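So the structure is just underneath, and the comments pick up after that.
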Amino acid sequence: MSDPIIMDGKARSKSIIEEVTAATRRLRDETGVQPGLAVVIVGSDPASQVYVGSKAKRAEECGFKSVKHELTEDTSEDELLKVVDALNRDDTIHGILVQLPLPKQIDDAKVIQAIDADKDVDGFHLVNVGRIATGAADEAFVPCTPAGCMVMIRDVLGDDLSGLNAVIVGRSNIVGKPMAQLLLAANATVTIAHSRTRDLASVCAKADILVAAVGRPEMITGDFVKDGAVVVDVGINRVEAADKGANADGSPKTRLVGDVAYDEAAAKARAITPVPGGVGPMTIGMLMANTLRSAYRAAGREAPK
Ligand code: NDP
């Protein structure tokens with residue numbers, strides 16, 4: 001096989017952010033409306049703090065109003081619901097994002113359903129899930145990670161995936177299932193595989209488009225990959241990196257790997273996403289695009305494509 005296309009999520013996300021920034025400027029100039037994104041975090045989980053920080057920073061770069069609500073670990077469900085309610089009523093906020101997971105005293109599902117579906121830029125509200133499932137994705141907020149995967153797949157294969165077999169490994173509500181709906185809407189023939197799938201390698205080896213969203217380091221090896229497949233690796237796994245030595249405290253250094261054994265898969269693929277620098281950066285880009293769309297809608301304008 002010739003060298004695969006490396007689907008560079010960092011560069012692609014940068015171009016999306018530039019488009020969003022330009023469209024934000026136009027919206028402000030023409031209507032006075034500034035897109036507003038509110039991120040809500042409960043507790044001090046370090047990974048969640050990093051995610052929320054980078055979302056807020058990116059929103060500012062796009063020219064959005066960016067609001068961050070940091071609540072303590074012992075916040076009650078009622079208190080959080082009051083914050084969400086206030087944001088629902090706030091006309092300067094067009095996107096609300098509650099960082100998951102929430103502490104155990106709070107029901108994640110209840111909080112997500114309390115967000116106004118028209119401000120649910122994460123695309124987790126049942127109204128948005130239903131719109132996507134019934135083929136009305138144009139009216140929905142599409143969850144950001146699968147939306148980003150679709151952008152990269154379309155960059156390589158175009159808009160119409162008729163006749164192509166797509167296999168998604170993973171059936172979570174935030175990645176696997178919406179990914180399947182989007183591929184189906186683009187006319188691919190879709191299989192969703194999961195932990196109970198028999199002979200996963202041979203199921204995957206039929207895929208023209210293979211999306212791995214499992215959370216198991218490098219489990220998709222070369223024999224899972226069809227020659228010429230487009231391989232999208234959603235997985236983000238931190239593993240020990242014996243070759244990098246140890247930290248000052250003696251703990252081993254680590255590195256990030258995907259669900260796909262990159263070198264083996266790249267040797268067969270037509271196109272592949274790296275980890276890091278593939279799907280990850282696209283997720284934030286799509287969050288900004290969703291928030292922009294919400295602000296355009298609120299201003300009575302059609303959002304740029
Ligand atoms: P979940 O844990 O919710 O789902 C994992 C899925 O993988 C499940 O459907 C599970 O099957 C399936 N699975 C687990 N083990 C196997 C196996 N041995 N063979 C086949 N299928 C298996 O994960 P998420 O969907 O939330 O995330 C998946 C990965 O993507 C993680 O690494 C996560 O960090 C990453 N991620 C990356 C994002 C990004 O921005 N790049 C955003 C979101 C997630 P079953 O349902 O049967 O248990």
- Query: What pairs come up if the first residue lies in region 166-180 and is at pLDDT 95 or above and near the ligand (Cβ under 6 Å from one of its atoms), the second is part of a helix (DSSP H, G or I) and charged (D, E, K, R), and their beta carbons are under 7 Å apart, counting only those six or more places apart or on different chains?
  - Reply: Arg171/Lys177
- Applying the selection to region 230-239, what residues are farther than 13 Å from Ile168 by Cβ and either crowded, with 24+ Cβ neighbours inside 10 Å or within 9 Å of the ligand (Cβ to nearest atom) (or both)? Ile236, Asn237
- Item | Selection status of Ala295, away from the ligand (no atom under 16 Å from the Cβ), crowded, with 24+ Cβ neighbours inside 10 Å and over 29 Å from Leu97 (Cβ atoms) | no
- Could you figure out which of (1) within 18 Å of the chain's Cα centre (by Cα); (2) more than 25 Å from Leu256 (Cα to Cα); (3) not in a helix (DSSP H, G or I) isn't true of Gly135? (1)
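Quick check, is Gly215 on the phi > 0 side of the Ramachandran plot, within 14 Å of the ligand (Cβ to nearest atom) and either surrounded by 13 or more Cβ atoms within 10 Å (Cβ to Cβ) or in contact (Cβ under 8 Å) with a residue 60 or more places away in the chain (or both)?
Numbers: on the phi > 0 side of the Ramachandran plot: yes; within 14 Å of the ligand (Cβ to nearest atom): yes; either surrounded by 13 or more Cβ atoms within 10 Å (Cβ to Cβ) or in contact (Cβ under 8 Å) with a residue 60 or more places away in the chain (or both): yes.
The answer is yes for Gly215.
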- Task: Just name the residue that is surrounded by the fewest Cβ atoms within 10 Å (Cβ to Cβ) out of those in region 181-201 that are closer than 24 Å to Ile5 by Cα and away from the ligand (no atom under 13 Å from the Cβ).
- Result: Asn187
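The values are calculated or read from the model by the stated rules, or taken from the named source; none is laboratory data. If you're wondering where the values come from, they're calculated on a predicted model, not measured in any experiment. Note that each Cβ is placed from the backbone with ideal geometry, even for glycine, and that neighbours are counted across all protein chains shown.
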